[in-house]
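Below is one structure; the comments refer to it alone.
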Amino acid sequence: MDKLIIRGGNRLAGTIPISGAKNSALTLLPCALLTDEPVTLRNLPRLADIDGFQHLMGQFGVAHTIQGSRPEDFGRVVTLEATRLTSSVAPYELVRKMRASILVLGPMLARSGDATVSLPGGCAIGDRPIDLHLQALEALGARIELTQGYVRAIAPDKGLPGGSFAFPVVSVGATENAVMAAALARGSSRLTNAAREPEIVDLCRLLIAMGAEIEGVGTSEITVHGQPRLHGATYRVMPDRIEAGSYACAAAITGGTVRLEGARADEMGATLDALRAIGVEVTSDAKSVTVSPNGPLRPVELTTDPYPGLATDMQAQLMSLLTQANGDSVLHETIFENRYMHVPELRRMGARIETSGRTATVHGPAPLVGAEVMATDLRASMSLIIAGLAARGETQVRRIYHLDRGYERLEEKLALVGADIQRVGDD
Ligand code: UD1
């Protein structure tokens, strides 16, 4: 298994190209199940999770072709064609590796009237149930059966009637499943307390390009007027706001100036506000966001929340940055109950952090020292890389398959701006 070796202390400077958003791609890909015509996605990031998802779609008979993908390019163009679905079962072997597999349930149900998906297993960052996905689909008229670790959703009379659902808790994935299922329903559906993440806007835009009729895009009240059929479309995946935010933290912890090419400031509001409060200068134009130093780093109090609040996917990276702030910072994690697994690893590098339930206190500034650390999940892994960039000496990050799930060619991008980082085979 590969590991990353980082020698800390280099000040990052230059430009990092931002890839297509993983979380957006994972909800745009299953849209291809909603039509028998080709759906072409541009700027699809090259990631293990995306390959895994395409493999899963292949199980249902979805053909995919990759165009013009040179090894030196970031991203690729992929055309998916679900002319005829040959299966409607997502098996445990594939689902257990990737929680986002649950996002095939809604579109497959809408297209075939019958879909079976293995229940995703536990997840490192908490329980992560799928009850809201199932309740929303039931509200649209599906019958749900749970047997032997699988969930089967059936549309009586070969099609969903549509309906209304008020989410008791904001859920990105459950909103996505419901919107996709509603797009082919016989009637209209109304979703309230829906998630408003930019990735949901991206999903709605692709569906509209495919002929769907959706009102309230980007708000917490989405109305979908079901269509008898959707057609093919070509669509460009939005830039990855979490990748951009992660590199912003990496630049800031080294006191560097880095331009994040392709990042959109309007989709990163809470992250950029947090960086400014910490004392990082942030400027932007239509095509990029630039972070640069602006005096000593200041402690802050941050709380994760559904969009437009601060993304839980940015909490670990900001925590690493705050280890270097002049004073005590407090973080509150409100989305997932077990999302401080990077804390013990950061402590091994010299960070002084205490946790109590969902609150973490970071005592800064604490000089960081390189160490051998273990990645536990995607964003936690990134927080260790960020700490390693500021640490004295060498940091070895193991289990980097987590990073390969979500950061396209991470070590190449960091090397572009002067980081001393290398991928080596584990001994
Ligand atoms: C998505 C993102 C993930 C991000 C998260 C929150 C993808 C592929 N993943 O995950 O990176 O961290 O949004 O921004 O886009 N919940 C339930 N029942 C459900 C579903 C969710 O109780 O059926 C709870 C969860 O346990 C969690 C909260 O709702 O506490 C939010 O989860 P959700 O927004 O659904 O996260 P995901 O869509 O899984």
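Values for this structure:
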quantity: Equivalent ellipsoid semi-axes, the chain, via Cα gyration tensor eigenvalues times 5, rooted, Å; calculated: 38, 22, 20
quantity: Ranking of Ser164, Ser118, Ser24 by count of other Cβ atoms within 10 Å, fewest first; calculated: Ser164, Ser118, Ser24
quantity: Integer Hz, Karplus 6.51/-1.76/1.60 couplings in order for the stretch 22-39, x for Gly and Pro; calculated: 4, 5, 6, 4, 6, 9, 7, 4, x, 4, 4, 6, 7, 9, 8, 9, x, 10
quantity: Eligible lysines near Lys3 by straight Cα distance, threshold 18 Å, same-chain separation 8 or greater; calculated: Lys413
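Read the figures in this text as sums done on the coordinates, not as results from a lab. Computed from a predicted model, the values in this text were never measured in an experiment. Quick reminder, even Gly has a Cβ in these numbers, built from the backbone with ideal geometry, and neighbours come from all protein chains shown.
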